[in-house]
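**Q** Before I ask anything, let me first share the structure, which is written out below as structure tokens.
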Amino acid sequence: MQAGTSVRLKADPGRVGVVTGKTREIPGKIYWQIRFPDGFEFYQEIHLETLSEGKDPLELFSQGKFGRAKDLRGNITHIRLTGRLANANIGVNNVA
């Protein structure tokens, strides 16, 4: 792994960080330091996957590479709070 590589945890796809390049070696195992928004943690490479920038979302979905419902709700809430998501009431009739 190279410093600056964006990765996420396989067990928690919503947890995204960047490889710092620092490692720790415990007999027979190498742990990589990952910088997350809330701090630094060490993980083995088998627990990480690199982020695929520019890949087709449908292809990633078919491969099972997507976050959890909690992650989607959090992203939608963030977008709505920043005012970038239109309030689209498609198919809803306002009857007075």
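**Q** Determine the pairs where a residue that is surrounded by 10 or more Cβ atoms within 10 Å (Cβ to Cβ), located within segment 57-80, has a partner that is modelled with pLDDT under 75 and part of a helix (DSSP H, G or I) with Cβ atoms under 8 Å apart, the partner being 6 or more residues away or on another chain.
**A** Qualifying pairs under 8 Å: Phe66/Leu60.
**Q** Given the structure, is Gly83 modelled with pLDDT under 80, surrounded by fewer than 12 Cβ atoms within 10 Å (Cβ to Cβ) and more than 23 Å from Gln2 (Cβ to Cβ)?
**A** Working: modelled with pLDDT under 80: yes; surrounded by fewer than 12 Cβ atoms within 10 Å (Cβ to Cβ): yes; more than 23 Å from Gln2 (Cβ to Cβ): yes.
Here the answer is yes, as Gly83 does meet what is asked.
**Q** Please list, ordered by first then second residue, the pairs with beta carbon atoms under 7 Å, 6 or more apart or interchain, first in segment 28-42 and loosely packed, with under 11 Cβ neighbours inside 10 Å, second outside any loop (DSSP other than H, G, I, E, B) and not hydrophobic (A, V, I, L, M, F, W, C).
**A** Note: pairs meeting the criteria are Lys29/Gln44.
The values are calculated or read from the model by the stated rules, or taken from the named source; none is laboratory data. Here the structure is a predicted model, which is why all the values come from computation and not from measurement. Neighbour counts run over all protein chains shown; Cβ positions are idealised from the backbone, glycine included.
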